[in-house]
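Student: After the structure tokens below, expect a handful of questions from me.
A short reminder: the numbers here are calculations on the coordinates, not readings from a lab. Given the structure is predicted, the values throughout are model-derived calculations rather than measurements. Every residue, glycine as well, gets a Cβ built from its backbone with ideal geometry; the counts of neighbours run over all protein chains shown.
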Amino acid sequence: MPRWLITFIALALGIALGLVYGWVIDPVQYTDVTPDALRIDYRTDYVLMVAEAYHAEQDPALASRRLAVLGSQPPAVITSEAEDYARQAGYPGDDLTLIQELSVALQTWQPVPGTSLP
Amino acid sequence: MKTKGFAWGWIIALILGFGLGLAYTWVLAPVKYVDAEPMALRDNFKDHFRSAIAAAFASTGDLERARARLSLLGDPDPAQALAAQAQRMLATGDDLETVQQVAMLASALQGGIAANPPFEMPTNSPEPEPTEQTVASETSTSEASQPTIVVDLTSTSTPLPVLTSTPRPTHTPTPTLGAPYQLVGQDTVCDVELAEGLLQIVVINATRRQVPGAEIIITWNNGEEHIFTGLKPELGHGYADFLMTPDVTYSIRMADGGTPASDITAPTCTATGDSTYLGGVQITFQQP
């Protein structure tokens, strides 16, 4: 077998071992993630929490500030995505109603210019 | 000699390849974290998460759901984590209502506020394991481990639990409701074990239960301080304290009104051997 071929095989084997080690055995650890990286079901539950609070508070500005934690998308979009997931996942009707209530409120809500989100 | 050199070349190529592989996986294309769990959140985002849980609890009064959600954050002692967060929020001047919600949930977890009556929640999974279907399902399965939840263990037709009923919002008792608080106790406390000048305040409602999250206003000749009960749940859900300065006269009242405690000063106590130290005062407010 030619020497260059054996070297190439060794190199390829090394790369393969490196990939397995870096992706499987010891992948990059994320311990301080931001909420936008949360799994969709956790994001949806967070939206449900905000919806539950909104049901009592009826404060769309406060709900928007809470939802802003989930990322830079508009709060109405975040709520709408959560509503879609909740519907697909078969959330109970009462929870769906709460998310819908928040979704409708945020679609019609106009933020006051100058108010900052976290 | 030629064979030995060849072996070294093989090893170097292997190591070089391994290094290239690592560089690719750790730098160029690391594992993307897109399905994180709340436990992995950065600390300040965990605070946001806890605040949202507390706000939802304040609205629904569903302690079991709040408890299940808090468990996702992986705090060793959720009540303590909430109490500590409430103190941080007070220190940073956060919205008082939000602070109260967090403090009240901390107290509720320790039994300061009665949770909703247990509700019947049909589920078909006997194992309290998280599923990837919904967090609501996860909540329900977590709740299945609580002794107060009625769980149907007979149906095992599908692997994923599906909720068929959810507890409806019932409002959490708020400490501001009811008649104004009355000053019912004002005692000098001489105890060398306590901090000098310690002002201890206990707030009790009409049913003689301690009230968490109650706001107390302490004023003196050139200052004012607002403190809340329930931030030290280990000392009582209606407990709050404050360190008095010697020779300063304080007035203490509930933010909701009622009878104030006036002319409060740290007393001088006598210890063994005729030495003196600064004592404390214990004040009790109660709704009639």
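Student: Which of the helices in chain A meet the span-like rule: DSSP H, Cα axial reach of 15 Å or more, Kyte-Doolittle mean at least 1.6?
Tutor: On the way: long enough: A:3-20 (26 Å, 2.11); A:40-57 (25 Å, -0.13); A:75-88 (20 Å, -0.63); A:93-108 (22 Å, 0.35).
Length and hydropathy pass: A:3-20.
Student: Ranking A:Thr44, B:Thr265, B:Thr92 by Cβ neighbours within 10 Å, fewest first, what do you get? Don't skip to the answer; put the middle values down first.
Tutor: Working: A:Thr44 27, B:Thr265 17, B:Thr92 8.
The fewest-first ordering by Cβ neighbours comes to B:Thr92, B:Thr265, A:Thr44.
Student: Here's another thing I want to ask about it. Which residue fluctuates most in the GNM of chain A (Cα springs below 10 Å): A:Ala51, A:Ala89, A:Ala68?
Tutor: Of the options given, A:Ala89 has the highest mean-square fluctuation.
Student: Got a sec? How would A:Tyr42, B:Tyr277 order by Cβ neighbour count within 10 Å, fewest to most? The partial results should precede the final answer.
Tutor: Details: A:Tyr42 24, B:Tyr277 16.
By the 10 Å Cβ count, ascending: B:Tyr277, A:Tyr42.
Student: On average, how many beta carbons from a partner chain sit within 10 Å of the beta carbon of a residue in B:58-69? Don't skip to the answer; put the middle values down first.
Tutor: On the way: counts 4, 9, 6, 1, 1, 0, 0, 4, 1, 0, 1, 5.
Mean shielding by partner chains, rounded to a whole number: 3.
Student: Note down the relative contact order for chain A as a percent, whole number, built from C-alpha pairs under 8 angstrom at least six residues apart.
Tutor: 27 percent
Student: What does the average come to when, for each residue of peptide A:95-106, you count the partner chain Cβ atoms lying within 10 Å of its Cβ?
Tutor: Details: counts 4, 2, 1, 5, 0, 0, 0, 0, 0, 0, 0, 0.
For this peptide, the per-residue mean of nearby foreign Cβ atoms is 1.
Student: Ok, one more. Could you order the peptides B:189-196, B:38-45, B:255-262 from most to least packed, using the average number of other C-beta atoms within 10 Å per residue?
Tutor: B:38-45, B:255-262, B:189-196
Student: While we're here: Which of rounded, prolate, oblate describes segment A:4-49, given a ≥ b ≥ c as roots of the alpha-carbon gyration tensor eigenvalues and a/c under 1.5 marking rounded, otherwise prolate only if a/b is larger than b/c? Please list the in-between numbers first.
Tutor: Working: a/c = 6.33, a/b = 4.40, b/c = 1.44.
Prolate, because a/c is 1.5 or more and a/b exceeds b/c.
Student: Okay, moving on. What span do the alpha-carbon atoms of segment B:182-286 cover on each of the three principal axes, reported in whole Å from largest to smallest?
Tutor: Largest first, segment B:182-286 extends 43, 31, 22 Å along its Cα principal axes.
Student: Rank these for me by crowding, B:Ser275, A:Ser64, going from fewest to most other beta carbons within 10 Å.
Tutor: Values: B:Ser275 9, A:Ser64 23.
Ranking B:Ser275, A:Ser64 by Cβ neighbours within 10 Å, fewest first, gives B:Ser275, A:Ser64.
Student: Sorted by packing (mean other beta-carbon atoms within 10 Å per residue), highest first, where do A:20-26, B:19-25 land?
Tutor: Values: A:20-26: 14.3, B:19-25: 17.4.
Going by the mean number of other Cβ atoms within 10 Å, highest first, we get B:19-25, A:20-26.
Student: For a label point 7 angstrom out from the Cα of B:Asp187 toward its Cβ, which stretches of segment B:245-288 have the backbone nitrogen within less than 14 Å?
Tutor: Answer for this model: B:280-285.
Student: Right, another one. How many partner chain Cβ atoms sit within 10 Å of a residue's Cβ in peptide A:4-17, on average, as a whole number?
Tutor: Numbers: counts 1, 0, 4, 8, 2, 4, 10, 10, 4, 6, 13, 11, 3, 6.
Other-chain Cβ atoms within 10 Å of each residue's Cβ, averaged: 6.
Student: Please give the calculated 222 nm ellipticity per residue for chain A, where each DSSP H segment of at least 4 residues contributes -39500 (n - 2.57) and the sum is spread over every residue; nearest 500 deg cm²/dmol?
Tutor: Working: 5 runs with 74 residues, N = 118.
One gets -20500 deg cm²/dmol as the mean residue ellipticity at 222 nm.
Student: Okay, next question. Scaled to the compact-protein estimate 2.2 N^0.38 Å, what is the alpha-carbon radius of gyration of chain A, rounded to two decimal places?
Tutor: 1.70
Student: Still on this model: B:Gln282 to A:Arg39: FRET efficiency via 1/(1 + (r/R0)^6), r the Cβ-Cβ distance, R0 51 Å, to the nearest 0.05?
Tutor: Numbers: r = 49 Å, r/R0 = 0.96.
Taking R0 as 51 Å, the efficiency between B:Gln282 and A:Arg39 is 0.55.
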